[in-house]
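The values are calculated or read from the model by the stated rules, or taken from the named source; none is laboratory data. None of these values were measured; they are calculated from a predicted model. Using ideal geometry, Cβ is built from the backbone for each residue, glycine included, and neighbour counts are taken over all protein chains shown. All accessible areas refer to the heavy atoms of the entire protein, side chains included, with ligands and DNA or RNA removed. Shrake-Rupley method; radii C 1.70, N 1.55, O 1.52, S 1.80 Å.
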Amino acid sequence: MRFEGVIFDWAGTTVDYGCFAPVQAFAEAFAEFGIHPTVDEVRAPMGMLKKDHVRTMLQMERIRAAWKQAYGRDFTEEDVEQVYQLSEKKIMEQVAEFTDIKPYVAETVKELRRLGLKIGSTTGYTREMMEIVVPAAEKKGYHPDCWFSPDQTGGKGRPYPYMVFRCMEELGLADVRRVMKVGDTVSDIREGKNAGVFTVGVIEGSSVIGLSEEEFEALDEAEKVKVRQMAVKKFLDAGADAVVMDIRGILGFLA
């Protein structure tokens, strides 16, 4: 067997088709400060530690200019903290509503376990958020062998590789060449590449595409091809070793 373990992301990869819980929370938090980010601006840093996500958004040229216009100065780390605290509060209020597992996740994980692979997971969510998400997802049929958030790696989330390494330690995996990281954001890809593991981007239901299952299925075939091609390019540009249509695609790399 080429691989001994697979490490999954959460929102947009195994749960929360389209990765909507954090998008809504960040948009609402910024709006309360008089800043109205676009969906693309909210999604660009997706997968990062949530405070880093806020800081990255505030560093964007348009949002930085809007903040300066609203407050007469550049943002400070205190501003980052205030927006982050509000966004965290909003995620905590909403995250339980976004724990449905994505199509084919339960079946794929069952097959991985049948083949003897261990299942780890990393996330941009805080530990407190995960204490809501993990048991809710387990009731719906998905439970990895372990999970790690940036709270457990000294606040160093993606693109740092430390959550991957903590998973490997917990699962007893010794060789990065025999580990696969699977995610739906550019941050996931960078995390995996920095860890030196085989890194796979998942297209459908991803934050990169940013559509609900109903919205995606409503597209005509030409539109589906276009958004899939866009996602493939983003993942490959970030350094992904492979891109799959949905989570079942990773089974093809196991031989």
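Between residues in segment 91-106 that are on the phi > 0 side of the Ramachandran plot and residues that are β-branched (Val, Ile, Thr), which pairs lie under 6 Å by C-beta distance while being six or more apart or on different chains?
Pairs that qualify, where the first residue is on the phi > 0 side of the Ramachandran plot and the partner is β-branched (Val, Ile, Thr), are 104/247.
Being within 17 Å of residue 4 (Cβ to Cβ) and without any contact (Cβ under 8 Å) to a residue 40 or more places away in the chain is the filter here; which residues of segment 154-165 pass it? Steps first, answer last, please.
Of all residues in segment 154-165, those within 17 Å of residue 4 (Cβ to Cβ) come to 164-165.
Answer for segment 154-165, where residues must be within 17 Å of residue 4 (Cβ to Cβ) and without any contact (Cβ under 8 Å) to a residue 40 or more places away in the chain: just 165.
Run down 40, 52 and say which single residue is within 16 Å of the chain's Cα centre (by Cα), farther than 25 Å from residue 130 by Cβ, modelled with pLDDT under 95 and not hydroxyl-bearing (Ser, Thr, Tyr).
Just one listed residue meets the conditions, 40.
Is it the case, given these coordinates, that residue 7 is in a loop (DSSP other than H, G, I, E, B), modelled with pLDDT of 95 or more and open to solvent by less than 10 Å² (accessible area, probe 1.4 Å)?
Working: in a loop (DSSP other than H, G, I, E, B): no; modelled with pLDDT of 95 or more: yes; open to solvent by less than 10 Å² (accessible area, probe 1.4 Å): yes.
No, not satisfied.
Could you pull out every one of the helices (runs of 4 or more DSSP H) wholly within segment 50-157 that has 3 or more residues that are open to solvent by less than 60 Å² (accessible area, probe 1.4 Å) and under 18 Å from residue 17 (Cβ atoms)?
Working: elements: 50-59, 61-71, 77-94, 105-114, 127-139.
Because the criterion is at least 3 residues that are open to solvent by less than 60 Å² (accessible area, probe 1.4 Å) and under 18 Å from residue 17 (Cβ atoms), the helices (runs of 4 or more DSSP H) in segment 50-157 that meet it are 105-114, 127-139.
Please find, within segment 17-43, the residue that is farthest from residue 67 (Cα to Cα) out of those that are open to solvent by 10 Å² or more (accessible area, probe 1.4 Å), in contact (Cβ under 8 Å) with a residue 40 or more places away in the chain and outside any helix (DSSP H, G or I).
Applying the filter and picking the extreme gives 17.
When residues of segment 164-187 are filtered for being in a loop (DSSP other than H, G, I, E, B), buried (at least 16 other Cβ atoms within 10 Å of the Cβ) and hydrophobic (A, V, I, L, M, F, W, C), how many remain? Spell out the reasoning first.
Residues of segment 164-187 in a loop (DSSP other than H, G, I, E, B): 172-175, 184-185.
Now drop any that are not buried (at least 16 other Cβ atoms within 10 Å of the Cβ), which leaves 173, 184-185.
Those left that are additionally hydrophobic (A, V, I, L, M, F, W, C): 173.
So the count comes out to 1.
Just to check your reading of the model, which residue among 217, 213 is open to solvent by 10 Å² or more (accessible area, probe 1.4 Å), under 19 Å from residue 19 (Cα atoms) and either touching a Pro at 6+ places or on another chain (Cβ under 8 Å) or aromatic (Phe, Trp, Tyr) (or both)?
Details: 217 fails: either touching a Pro at 6+ places or on another chain (Cβ under 8 Å) or aromatic (Phe, Trp, Tyr) (or both).
Within the list 217, 213, the selection yields 213.
Look at segment 220-255 and say how many of its residues are surrounded by fewer than 15 Cβ atoms within 10 Å (Cβ to Cβ), modelled with pLDDT of 95 or more and not in a helix (DSSP H, G or I).
Residues meeting the conditions: 3.
Could you tell me which numbered condition residue 104 fails, if it satisfies all but one of (1) within 20 Å of the chain's Cα centre (by Cα); (2) under 18 Å from residue 129 (Cβ atoms); (3) not β-branched (Val, Ile, Thr)?
(2)
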